[in-house]
């Protein structure tokens, strides 16, 4: 983070719609920030509030650190050129151990991000006190830290009890709840209420409305990469108490997320963005791109909803797709 940037609260950093941004690549495993310009412009025009780099949608754990840093430096500068100097942007960090997370954090902080979104340590199972010690050690980064609860990938859940202890660490300012368990999010909401500046984001795009009603301050939905207006409208509808409209938007978001029933994961999101002419479909190894059958099924799935997508009239060339069997079973 630049020396002159003011430290932001977790409520500020996680408010509204945070896009868990994909990482455009010029070839498999080669991040290319210059390919992001049009997507960044469309996201800003849709009214999203912030970006998060290098989460699961951004392939952070499989990217070489030097390549990630070069990508982040360019994207941070471009995002703030589009949205203004106060444009919010964070970067996710992870590592098998605390030292690795700190090393990644130091480099990514130097790119100008406002905060780091830190996973628990990967691979080994850890006790609650070890998880708290991990987050305590991240204070050396001298930027706000957001805890990232994603036990599907880390194997180390942040429980409400651990979160309660994290509230005692001044530099930990929020939590991104991506377990998909609404009961956990509801308990998190009760915990974070004890600290006015502490933010809570719902990471489950299929339950944005329920998450916001349960007490989340914002959402971080993967579909916002290609349908940001849906996420923005959902948050607005909940805040305006337009219950029926919010429910309809949530059904739409769940239908858009149904692309991951064809093939789950990053290659599917990148296939959508490629079909929209926004970025190439390349991902980092060992990810492989969607094949022609999957791409046809994805396009057919999204066709009736194309008006909700960024540049949806360009979806796969614009012609109505042939009937699809829905991809592989």
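Could you list, in sequence order, all residues of the stretch 203-213 that are within 19 Å of residue 245 (Cβ to Cβ) and either modelled with pLDDT of 95 or more or crowded, with 24+ Cβ neighbours inside 10 Å (or both)? Give the steps one after another, and end with the answer.
Let us first name the residues in the stretch 203-213 that are within 19 Å of residue 245 (Cβ to Cβ), namely 205-213.
Listed by number, the residues that qualify are 205, 208, 209, 210, 211, 212, 213.
Taking the criterion of being part of a loop (DSSP other than H, G, I, E, B), in contact with a helix residue (DSSP H, G or I) (Cβ under 6 Å, 6 or more places away or on another chain), surrounded by fewer than 20 Cβ atoms within 10 Å (Cβ to Cβ) and modelled with pLDDT under 95, would at least one residue in the stretch 309-322 satisfy it? Reasoning before the result, please.
To start, the set of residues in the stretch 309-322 that are part of a loop (DSSP other than H, G, I, E, B) comprises 309-311, 318-322.
Applying the additional criterion that residues be in contact with a helix residue (DSSP H, G or I) (Cβ under 6 Å, 6 or more places away or on another chain) yields 310, 321.
Right, trim to surrounded by fewer than 20 Cβ atoms within 10 Å (Cβ to Cβ) and you get 321.
Still in the list and also modelled with pLDDT under 95: 321.
Yes: one or more hits.
Could you tell me which of the residues 138, 131, 169, 200 is buried (at least 21 other Cβ atoms within 10 Å of the Cβ), in contact with a helix residue (DSSP H, G or I) (Cβ under 7 Å, 6 or more places away or on another chain) and farther than 25 Å from residue 23 by Cα?
Working: 138 fails: farther than 25 Å from residue 23 by Cα; 169 fails: buried (at least 21 other Cβ atoms within 10 Å of the Cβ); 200 fails: farther than 25 Å from residue 23 by Cα.
Matching residue, one of 138, 131, 169, 200: 131.
Which condition number does residue 29 fail, the rest of (1) modelled with pLDDT under 95; (2) over 18 Å from the mean Cα position of the chain (by Cα) being met?
(1)
Working only within the stretch 233-251, note down all residues that are out of contact with any helix residue (DSSP H, G or I) (no Cβ under 6 Å at 6 or more places or on another chain), part of a helix (DSSP H, G or I) and surrounded by fewer than 22 Cβ atoms within 10 Å (Cβ to Cβ). Reasoning before the result, please.
As a first pass, look at the stretch 233-251 and keep what is out of contact with any helix residue (DSSP H, G or I) (no Cβ under 6 Å at 6 or more places or on another chain): 235-236, 239-244, 247-248, 251.
Cutting the leftovers down to part of a helix (DSSP H, G or I) gives us 235-236, 239, 243-244, 247-248, 251.
Result: 236, 239, 243, 244, 247, 248, 251.
Could you list, in sequence order, the residues of the stretch 192-210 that are farther than 26 Å from residue 7 by Cα and in a helix (DSSP H, G or I)? Talk me through it step by step, then tell me what you get.
Taking the stretch 192-210 as the starting set, the residues that turn out to be farther than 26 Å from residue 7 by Cα are 204-210.
Those that are farther than 26 Å from residue 7 by Cα and in a helix (DSSP H, G or I): 205, 206, 207, 208, 209, 210.
Restricting attention to the stretch 80-99, which residues are under 27 Å from residue 46 (Cβ atoms) and assigned to a helix (DSSP H, G or I)?
Passing the criteria: 80, 81, 82, 83.
Table: residues versus (1) under 25 Å from residue 307 (Cβ atoms); (2) assigned to a helix (DSSP H, G or I); (3) under 13 Å from the mean Cα position of the chain (by Cα).
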| residue | (1), (2), (3) |
| --- | --- |
| 45 | yes, yes, no |
| 52 | no, no, yes |
| 57 | yes, no, yes |
| 69 | no, yes, no |
| 78 | no, yes, no |
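From the list 30, 11, exactly one residue is surrounded by fewer than 21 Cβ atoms within 10 Å (Cβ to Cβ) and touching a strand residue (DSSP E or B) at 6+ places or on another chain (Cβ under 8 Å). Which is it? Spell out how you get there, then give the answer.
Working: 30 fails: touching a strand residue (DSSP E or B) at 6+ places or on another chain (Cβ under 8 Å).
Answer to the check: 11.
Exactly one condition in (1) surrounded by fewer than 19 Cβ atoms within 10 Å (Cβ to Cβ); (2) touching a helix residue (DSSP H, G or I) at 6+ places or on another chain (Cβ under 8 Å); (3) within 15 Å of residue 57 (Cα to Cα) is not met by residue 272; state its number.
Tallying (1) surrounded by fewer than 19 Cβ atoms within 10 Å (Cβ to Cβ); (2) touching a helix residue (DSSP H, G or I) at 6+ places or on another chain (Cβ under 8 Å); (3) within 15 Å of residue 57 (Cα to Cα), residue 272 fails exactly one: (1).
Just for the stretch 146-157: of the residues that are in a loop (DSSP other than H, G, I, E, B) and either touching a helix residue (DSSP H, G or I) at 6+ places or on another chain (Cβ under 8 Å) or at negative phi (or both), which one is surrounded by the fewest Cβ atoms within 10 Å (Cβ to Cβ)? Can you show your working first?
Step one: filter the stretch 146-157 for residues in a loop (DSSP other than H, G, I, E, B), giving 150, 155-157.
Next cut, either touching a helix residue (DSSP H, G or I) at 6+ places or on another chain (Cβ under 8 Å) or at negative phi (or both) only: 150, 156-157.
Numbers: 150: 23, 156: 23, 157: 17.
Filtering the stretch 146-157 for residues that are in a loop (DSSP other than H, G, I, E, B) and either touching a helix residue (DSSP H, G or I) at 6+ places or on another chain (Cβ under 8 Å) or at negative phi (or both), the one surrounded by the fewest Cβ atoms within 10 Å (Cβ to Cβ) comes out as 157.
Does residue 70 satisfy the condition of being farther than 22 Å from residue 223 by Cα, at pLDDT 95 or above and touching a helix residue (DSSP H, G or I) at 6+ places or on another chain (Cβ under 9 Å)?
Here the answer is yes, as residue 70 does meet what is asked.
Can you name every residue in the stretch 261-296 that is more than 19 Å from residue 227 (Cα to Cα) and assigned to a loop (DSSP other than H, G, I, E, B)?
282, 283, 284, 285, 286, 287, 288, 289, 290, 291
Taking the options 143, 117, name whichever one is at pLDDT 95 or above, in contact with a strand residue (DSSP E or B) (Cβ under 6 Å, 6 or more places away or on another chain) and assigned to a loop (DSSP other than H, G, I, E, B). Give the derivation first.
Working: 117 fails: assigned to a loop (DSSP other than H, G, I, E, B).
From the options 143, 117, the qualifying one is 143.
May I ask you to say which residue of 162, 172 is out of contact with any strand residue (DSSP E or B) (no Cβ under 7 Å at 6 or more places or on another chain) and at pLDDT 95 or above? Can you show your working first?
Values: 172 fails: out of contact with any strand residue (DSSP E or B) (no Cβ under 7 Å at 6 or more places or on another chain).
It is 162.
The values are calculated or read from the model by the stated rules, or taken from the named source; none is laboratory data. The structure presented is a predicted model; accordingly, all values stated were derived computationally and were not measured. Reconstructed Cβ throughout: ideal geometry from the backbone, glycine too, with neighbour counts over all protein chains shown.
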